[in-house]
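Structure first, commentary second.
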There are 2 protein chains.
Amino acid sequence: MNRIAVEKKVLNENQVLAEQLRERYRRLGILCLNFISAPGSGKTALLERTLENMDKGSRIAVLTGDLQTENDAKRLARFGFPVRQITTGGVCHLDAKMVGKHLEDWRLEDLDLLLVENVGNLVCPSSYDLGEDAKIVLLSTTEGEDKPLKYPSIFFKSELMLLTKIDLLPYVPFKADRARENARRVHPDMEIIDVSSTTGQGLDRWMGWLAARQEKAKGKPQSVGV
Amino acid sequence: MNRIAVEKKVLNENQVLAEQLRERYRRLGILCLNFISAPGSGKTALLERTLENMDKGSRIAVLTGDLQTENDAKRLARFGFPVRQITTGGVCHLDAKMVGKHLEDWRLEDLDLLLVENVGNLVCPSSYDLGEDAKIVLLSTTEGEDKPLKYPSIFFKSELMLLTKIDLLPYVPFKADRARENARRVHPDMEIIDVSSTTGQGLDRWMGWLAARQEKAKGKPQSVGV
């Protein structure tokens with residue numbers, strides 16, 4: 001079997017597992033979001049602010065992926081919600097099997113929201129469905145405005161783009177309008193929210209988006225007999 | 001054949017081509033450097049400053065990789081040296097075959113230095129030898145200090161780490177000492193140079209490293225009969 005055939009087989013197997021996860025989430029009314037960005041665009045910082053802003057009784061859990069270290073899980077566990085690190089070894093993306101395995105001994109009945117932080121990589125994670133309801137891509141103001149054009153797949157597949165680190169705009173050559181324009185060339189209907197996890201700017205809009213998205217997920221038709 | 005067997009075969013084939021490229025470079029006295037980083041760490045900006053600082057008669061060429069767009073080749077072509085874009089389609093890294101193909105109609109005899117800018121990705125490019133003399137990894141001050149621990153392979157394999165965007169240090173929570181310490185935990189002997197392509201800070205040290213590395217490559221024993 002050649003490389004492309006093997007990749008296709010791996011992706012097909014992943015898709016089957018992803019659909020099983022999606023069906024479980026749907027039955028239980030869980031919203032699952034898959035956060036994807038380059039390394040250092042601020043996924044963990046955004047999740048820290050998100051958990052901090054949640055009511056203490058919220059039924060949330062986080063899975064966070066990295067090649068090595070439990071650093072992110074440690075950062076995120078401080079907010080009192082269940083957090084688990086997925087350490088991929090050398091693998092450049094999360095897949096549905098890893099997610100399923102790390103959910104095995106969690107009571108999903110106790111959850112409304114599952115946040116999955118992917119490995120920092122703008123390329124490979126875009127090919128692996130994790131059973132999520134939506135992908136969210138982060139682009140930071142310290143990167144180039146042309147990233148959506150250079151990495152179109154992930155920007156095309158994401159429901160929302162978070163433009164992060166907007167507190168740094170005065171110090172970097174980044175043109176935010178240009179970045180938004182490029183993102184919309186790839187994905188005309190994508191929502192875009194500007195945020196800074198440092199100053200808090202835009203976080204209320206992000207939390208509002210999240211609450212509305214949870215409502216939308218709950219409103220989905222449930223499978224018959226469940 | 002399973003996925004791991006196919007990956008091994010692909011990497012073995014790549015290694016054969018990479019060694020052929022390396023032997024050509026050695027015969028011709030060319031220094032080849034492979035620049036790797038996350039998207040947005042400043043590879044292209046550093047190459048712009050590098051070309052700008054070179055004597056006009058320098059025998060340099062650049063290959064620059066991206067999934068899509070010719071943006072980087074356009075930026076780099078302004079300095080008058082030969083530049084060629086490698087557009088990988090969806091592929092997350094450069095490989096030796098792509099490099100060989102894009103060198104086909106260049107007269108390598110006319111070169112002393114070949115700079116290869118890889119696809120923005122801290123994971124996959126670290127597995128693909130391009131026949132280079134050295135890998136150079138860039139880490140920017142807008143990313144996390146723990147990136148060397150999270151992505152150890154590329155930091156272990158790189159001869160030099162460029163700590164980029166140091167002009168932003170006053171505005172970001174990044175602790176440079178901590179980042180250097182983490183890099184040296186993974187790779188104790190790695191050289192580290194702090195640079196800013198915006199203010200020019202550290203560029204003289206980088207250009208000095210590059211000149212010394214070219215001398216070292218020229219001093220290598222040539223193959224007999226060439």
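The values are calculated or read from the model by the stated rules, or taken from the named source; none is laboratory data. Computed from a prediction, not measured in an experiment: that's the story for all the values here. Cβ coordinates were reconstructed from backbone atoms using ideal geometry, including for glycine residues, and neighbour counts include every protein chain displayed. What goes into the accessible areas is simple: the full protein's heavy atoms, side chains included, and nothing from ligands, DNA or RNA. Shrake-Rupley method; radii C 1.70, N 1.55, O 1.52, S 1.80 Å.
Within region B:14-71, which residues are open to solvent by 50 Å² or more (accessible area, probe 1.4 Å), more than 15 Å from B:Leu94 (Cβ to Cβ) and aliphatic (A, V, I, L, M)? Once the filter is applied, which keeps residues that are open to solvent by 50 Å² or more (accessible area, probe 1.4 Å), more than 15 Å from B:Leu94 (Cβ to Cβ) and aliphatic (A, V, I, L, M), region B:14-71 yields B:Val16, B:Leu28. Scanning region B:79-130 for residues that are among the small types (Gly, Ala, Ser) and touching a Phe, Trp or Tyr at 6+ places or on another chain (Cβ under 9 Å) gives B:Ala96, B:Gly120, B:Ser126.
Scan region A:132-141 and tell me whether some residue there is more than 10 Å from chain B (Cβ to nearest Cβ), open to solvent by less than 10 Å² (accessible area, probe 1.4 Å) and small (Gly, Ala, Ser). Checking region A:132-141: at least one residue is more than 10 Å from chain B (Cβ to nearest Cβ), open to solvent by less than 10 Å² (accessible area, probe 1.4 Å) and small (Gly, Ala, Ser). Within the set B:Leu33, B:Leu94, the sole residue that is at pLDDT 95 or above, outside any loop (DSSP other than H, G, I, E, B) and within 18 Å of the chain's Cα centre (by Cα) turns out to be B:Leu33. Of all residues in region B:4-13, those satisfying the criterion of being open to solvent by 80 Å² or more (accessible area, probe 1.4 Å) and within 19 Å of B:Ser153 (Cβ to Cβ) are B:Ile4, B:Glu7, B:Lys8, B:Asn12. Is it the case that region B:150-157 has a residue that's open to solvent by 10 Å² or more (accessible area, probe 1.4 Å), under 21 Å from B:Arg27 (Cβ atoms) and of a type in the set (A, V, I, L, M, F, W, C)? No.
Residues that are touching a helix residue (DSSP H, G or I) at 6+ places or on another chain (Cβ under 6 Å) and free of Cβ contacts under 8 Å to residues at least 24 places away in the same chain do occur in region A:162-174. With respect to B:Gly120, determine if the residue is within 14 Å of chain A (Cβ to nearest Cβ), in a loop (DSSP other than H, G, I, E, B) and among the small types (Gly, Ala, Ser). Answer is yes for this residue. Which condition number does B:Glu23 fail, the rest of (1) under 28 Å from A:Cys124 (Cα atoms); (2) of a type in the set (D, E, K, R); (3) touching a residue at least 12 places away in the same chain (Cβ under 8 Å) being met? Every listed condition holds for B:Glu23 apart from (1).
Would it be correct to say that B:Phe174 is of a type outside the set (Lys, Arg), outside any strand (DSSP E or B) and either more than 10 Å from chain A (Cβ to nearest Cβ) or under 27 Å from B:Lys97 (Cα atoms) (or both)? The answer is no for B:Phe174. Residue pairs, Cβ under 6 Å, 6 or more apart or interchain, first in region B:38-58 and within 14 Å of chain A (Cβ to nearest Cβ) and part of a helix (DSSP H, G or I), second of a type in the set (Gly, Ala, Ser) and open to solvent by 10 Å² or more (accessible area, probe 1.4 Å). List them. Short answer, once both residue conditions are applied: B:Ala45/B:Ser197; B:Leu46/B:Ser197; B:Arg49/B:Ser197. In region A:177-202, the residue that is most open to solvent (accessible area, probe 1.4 Å) out of those that are within 13 Å of chain B (Cβ to nearest Cβ) and among the basic types (Lys, Arg) is A:Arg185. Whether any residue in region B:59-68 is within 14 Å of chain A (Cβ to nearest Cβ) and part of a loop (DSSP other than H, G, I, E, B) is what I want to check. Yes - at least one qualifying residue is present in region B:59-68. Just to be sure, is B:Val83 hydrophobic (A, V, I, L, M, F, W, C), within 14 Å of chain A (Cβ to nearest Cβ) and buried (at least 19 other Cβ atoms within 10 Å of the Cβ)? Here the answer is no, as B:Val83 does not meet what is asked.
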